[in-house]
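Read the structure below first, then the notes.
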Amino acid sequence: MKNIKVSLKLFISLFAILSSLTLLMGCSTLSNGGVLQSQVLKAKSKVVPALVHLNPIKPVYTLGKKEEVIVIGSGFIISADGYIVTNEHVVGESKKVKCILSDKREIDAEVVGTDPFTDIAVLKLPSQEKYPFVIMGNSDNVQTGEMVIAMGSPHGLARSVSMGIISMTDRYLEDQRGVISVFNNFIQTDAAINQGNSGGPLVNLKGEVIGINSRMLVGAENVGFAIPINTAKEVVENIIKNGKINRSWLGLNLQEMKAITEDPNRQGVVIADVEMDSPAYKVGIRSGDILKQVNEEPVHARFQEDLPVIRRRLAHLEIGKEVELTIQRGDKEEKIKVIPDVYSPYKGQEVEFSEWGFTASDITNEMMRRLRIPSRNGIYISGVQDGSIAKISGLLAGDVILEIESQQVKNLEEFMKIYRQAIDKKQPRILLFVQRGVVTRYVLIKNIKDIKDEQPASKIVNEERSTTHE
Amino acid sequence: MNSFIIISTLLIQNIWGTFSSAQLETIYNQITPSIALVQYSSEVTNQVTGEVTRRDGNALGLIVSADGLVMVPGFVELENISSFNFRVRLNIKGEEKEFPALKLRKPDDLNVMFLKIDNEENIKFPYAQFTEDSLKIGSTVTMVGILGETVDYARCITTAHIGAILEKPRLTYCLDENVRLGFVGAPVINEQGNIVGVVGFDLSKAEGGEVYTRSGHPLIYQYSLFKKYIQNPPAVQYQDEEQGAWLGVITQPLTDDFAEYWDLPKEGGLIVATIVNPSPASECGLKIGDIITNFNGTPIKAKYETDVTSFTKLVREAGVGNRVKIEILRDKKPMTLTALLQTRPRKSSEAEEFEWESVGITVREITPDMRIALSIDETVQGVLVYRVKSGSPAQISRISRGFIIQAIGDIPVRSIDEFKNVVTIIQEKKPKEITFFAKMGNISGFFRIQPRWAE
């Protein structure tokens, strides 16, 4: 009931916005002789048939449990055989996604692959028919001030269209509230974008998709961001071909030249940090060095927004094939050969350990950076359930399990094996050695048997309750 | 100067377990001369922002010796509160008198403080004389405290009951109702008319409470808990005091569960969980997983978290530079190690600070406890940005609290001394621009700053 009220309210306010937009457009019609209006209508008509409303059921790990949540998002078909592009944050780890096409048919699409770094996901509709699809434009040619249309399902209101202009063509948002976008800038627009618009197209007046609406500034008025379609094209192509995009890794964290000098003539990019034990670290590259060339091709980033293109350039290097970097240290230039390795996944595989009541994941380099984990050893506890064995035994979210039963934990798979054995054998006590920040600690897990025996009553009550609900 | 002593036995006997109004009046008249109003100033450090604010405070002071030893509540001095400028105000024969007082080192096993009145004139003060007398559940007690400023800090008498007796980990008594702030530190008189203790509050762990954490409930600290401090008052507290000896381990108690798991006798002990490197512990060959069973001749029988702090105290008092024998169990086998104890590193609250005005930052040395609290690895050297002045060059360059400055220009900065040295050199040259290399979490970067040099 409450939901209906809310959405009605939203609809009304949306209606108000649309009518005021018409009013505005009425003015331009006067001066443009209806050209703009007809352009908007034409552009809209080209894209709307390929617009998709998405209803994924997404697994999420929260407070030590794996749960499923229903998400609302947008997407668009990019080929006649039914490939759909949307945001990674819309589909997450779901395998199948319910899609509502523009003709209101409901069809399940499969998730082909996702890329959390650029927030892009590709889905595939069954190839039983020819689907209408969008034309992708060239986002390198967009200009600030250019008129654009945003389409999608704001707050679940499918097939909505809003309009505005491009406010800025290359907005750099490297790390905004934990969302990392190192490989692309964003197109900023004042076309209304709301929750639910995620994954929908940003379209120019020619009816070409130039971006994927993916973020907005909460608390601001009409400050939305779209991933440039040229960034997406490359990722999508890779996902369709390989199910994922492979990137190469040198271990360099880059900074713009402006961080160290105001002199516009100084060329290169600052190496702010070199990850421990990375390929670059092993060949002696250190923070403070200036990267000037990659395979004799010059690189230059004067401002932050120049960085994504260089990061992409480095990520495209062939994995395992030697590359020559020209490095400036002090006044000296040096050519250093280095072999790129595989770029770390954004997040590690996450699993719920329901018997003990916690969730854990493998540790990736990216997680070390974001979550301040000191090393890649062990597994990361992402959540602990209240009242669970893990909680009672003193395990905390954020702990890293280094050892189980005095054996080193290298990854989740190894941990799962020993865990499984312990559960199956009903081992009464299991010893963990955990890292909490820079401190280490022993945690003794009292295995399931004891605790279940202690509280048989509550277990039965819970089960009864769940049956009455159904 | 008149001198009068509070008589410890008031010669009243309560058969019904209450005090008559006449008895209360007698107690009031006898006790109030020893009750002082203590006024002081404190510096309070906000533990989140590091901002220091100054404020004035009042507390009840109870004179406990004729030469002017004053007992005050423990809230006067906490981990983040440092107080000074103590004045003890007494009402002697209707005349208000104020005496300056020095603060004595706060006991580490009880949340009370002692002051010593600067008694140049050798005045004999009226004082409260305590008796070690037991208290029974349900028995009535009376207390004399101080009311607020609006009622001129009038002395006030009230009664309450012993609501609970706490047997473990040490004997204390709980009052059956809450008390006003002005009654914290108030003398407690039992039905026999003896002064048997004072009203006290334990510190919570968050307030730096270590040994006993029965925070939030008004307790009676019976005489036996602080008798030793009245007989042998703590030393005057000076700045930069030595912190005692240090081993460099973080331990956890050998609970029965752990003992059972490792197939060890359930006799307690301390499991070595973390070793600071370098430290006396790492140098003497102590390893993670060792179980300490005896330290310097004292058996270690720790079974609960609260026992860990007693061990810290034991180490602290073992003497810097002393060689101590540590008996351990390693893989169930007994072993003896010898550690050379060093001076305990400074705590974060005593960390050296340095303000660089031209840039607008205050930095701090990184002490071992800060490394633990802020998860700063041993390999990370530098100084911690503690405060960034609003509108300063540092703020313009997006330097924030929590950054670790590791280099200025090309010169590495590994400690606060190195930082100060570099600043001295830079101050002379007054360059238009300087560059910091700083670490934020697991990410590093360069920051250009344009200092505002003083004219």
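The values are calculated or read from the model by the stated rules, or taken from the named source; none is laboratory data. All values derive from a computational prediction rather than experimental measurement. Cβ coordinates were reconstructed from backbone atoms using ideal geometry, including for glycine residues, and neighbour counts include every protein chain displayed.
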Residue within the stretch A:55-62 that is in contact with a Cys (Cβ under 8 Å, 6 or more places away or on another chain), over 24 Å from A:Phe358 (Cβ atoms) and in the same structural domain as A:Lys130 (by TED's automatic domain parsing) present:
yes
Test: B:Ala394 is away from chain A (no Cβ under 14 Å) and surrounded by 16 or more Cβ atoms within 10 Å (Cβ to Cβ):
yes
Having 2 or more residues that are out of contact with any Lys or Arg (no Cβ under 7 Å at 6 or more places or on another chain) and under 30 Å from B:Asp307 (Cβ atoms) is the bar; report the strands (runs of 3 or more DSSP E) wholly within the stretch B:86-204 that clear it.
B:112-117, B:155-166, B:172-175, B:195-200
More than 20 Å from A:Arg372 (Cβ to Cβ), out of contact with any Gly (no Cβ under 6 Å at 6 or more places or on another chain) and touching a residue at least 40 places away in the same chain (Cβ under 8 Å), is that true of B:Arg448?
yes
Identify, please: which residue in the stretch B:118-141 is of a type in the set (Val, Ile, Thr) and within 23 Å of B:Ala66 (Cα to Cα) and is, among those, modelled with the highest pLDDT?
B:Thr131
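To keep it simple, each residue is scored yes or no on (1) at pLDDT below 90; (2) assigned to a helix (DSSP H, G or I); (3) not charged (D, E, K, R).
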{"position": "B:Thr362", "(1), (2), (3)": "no, no, yes"}
{"position": "B:Gln395", "(1), (2), (3)": "no, yes, yes"}
{"position": "B:Lys432", "(1), (2), (3)": "no, no, no"}
{"position": "B:Glu455", "(1), (2), (3)": "yes, no, no"}
Looking at this structure, is A:Ala150 touching a Leu at 6+ places or on another chain (Cβ under 6 Å) and crowded, with 18+ Cβ neighbours inside 10 Å?
yes
Out of curiosity, is A:Pro374 at pLDDT below 95 and not polar (S, T, N, Q)?
yes
Looking for whichever is within 21 Å of A:Ser139 (Cβ to Cβ) and of a type outside the set (S, T, N, Q) here; the options are A:Glu296, A:Glu262, A:Glu256, A:Glu234. Which one fits?
A:Glu234
Let me confirm something: among B:Phe311, B:Phe258, which residue is more than 24 Å from the chain's Cα centre (by Cα), outside any strand (DSSP E or B) and under 30 Å from B:Leu203 (Cβ atoms)?
B:Phe258
Identify, by number, the condition in (1) under 26 Å from A:Ile260 (Cβ atoms); (2) within 24 Å of the chain's Cα centre (by Cα); (3) in a helix (DSSP H, G or I) that B:Ile425 doesn't meet.
(2)
Taking the stretch A:240-267 and keeping only residues that are among the hydrophobic types (A, V, I, L, M, F, W, C), away from chain B (no Cβ under 14 Å) and crowded, with 20+ Cβ neighbours inside 10 Å, one is left with A:Ile245, A:Leu250
Scan (1) assigned to a loop (DSSP other than H, G, I, E, B); (2) under 30 Å from B:Ser397 (Cα atoms) for the single condition B:Phe354 breaks and write down its number.
(1)
Test of understanding: among B:Thr306, B:Thr343, which residue is within 24 Å of B:Ser82 (Cβ to Cβ), touching a residue at least 12 places away in the same chain (Cβ under 8 Å) and polar (S, T, N, Q)?
B:Thr343
Would you please list the contacts, defined by Cβ atoms under 8 Å and residues six or more apart or on different chains, that run from a residue in the stretch B:397-420 that is in contact (Cβ under 8 Å) with a residue 60 or more places away in the chain to a residue that is not in a strand (DSSP E or B)?
B:Arg401/B:Thr49; B:Arg401/B:Gly50; B:Ile416/B:Glu352; B:Ile416/B:Glu365; B:Phe419/B:Val413
Could you list all residues from the stretch B:418-441 that are exposed (fewer than 13 other Cβ atoms within 10 Å of the Cβ) and more than 14 Å from chain A (Cβ to nearest Cβ)?
B:Thr424, B:Ile425, B:Glu428, B:Lys429, B:Lys430
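Here is a yes/no grid of residues against (1) in a helix (DSSP H, G or I); (2) more than 19 Å from B:Asp410 (Cα to Cα):
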position: A:Thr231; (1), (2): yes, yes
position: A:Asn238; (1), (2): yes, yes
position: A:Lys241; (1), (2): yes, yes
position: A:Leu254; (1), (2): no, no
position: A:Asn265; (1), (2): no, yes
Among the candidates B:Pro334, B:Pro278, single out the residue that is in a loop (DSSP other than H, G, I, E, B), away from chain A (no Cβ under 14 Å), at negative phi and surrounded by fewer than 18 Cβ atoms within 10 Å (Cβ to Cβ).
B:Pro278
Which is of a type in the set (A, V, I, L, M) and away from chain B (no Cβ under 12 Å), of A:Val270, A:Val274, A:Val283?
A:Val283
Of the candidates B:Ile405, B:Ile372, B:Ile376, the one satisfying the condition of being within 14 Å of another protein chain (Cβ to nearest Cβ), part of a helix (DSSP H, G or I), of a type in the set (A, V, I, L, M, F, W, C) and on the phi < 0 side of the Ramachandran plot is B:Ile372
Out of everything in the stretch A:389-411 that is surrounded by fewer than 21 Cβ atoms within 10 Å (Cβ to Cβ) and more than 12 Å from chain B (Cβ to nearest Cβ), what residue ends up being farthest from the chain's Cα centre (by Cα)?
A:Gln407
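Can you name every residue in the stretch A:322-377 that is part of a strand (DSSP E or B), among the aliphatic types (A, V, I, L, M) and crowded, with 17+ Cβ neighbours inside 10 Å?
A:Val323, A:Leu325, A:Ile327, A:Val338, A:Val351, A:Ala360
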Can you find, within the stretch B:408-417, the residue that is nearest to B:Ala394 (Cα to Cα) among those that are within 14 Å of another protein chain (Cβ to nearest Cβ) and not β-branched (Val, Ile, Thr)?
B:Gly409
Hey, among the residues in the stretch B:442-455 that are more than 15 Å from A:Gln255 (Cβ to Cβ) and surrounded by fewer than 19 Cβ atoms within 10 Å (Cβ to Cβ), which one's nearest to the other protein chains (Cβ to nearest Cβ)?
B:Gln450
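Which members of the stretch B:61-85 meet the condition of being part of a strand (DSSP E or B) and farther than 21 Å from B:Phe201 by Cα?
The initial filter retains those residues of the stretch B:61-85 that are part of a strand (DSSP E or B), namely B:61-63, B:69-73, B:78, B:81-85.
Within the stretch B:61-85, B:Phe84, B:Asn85 qualify.
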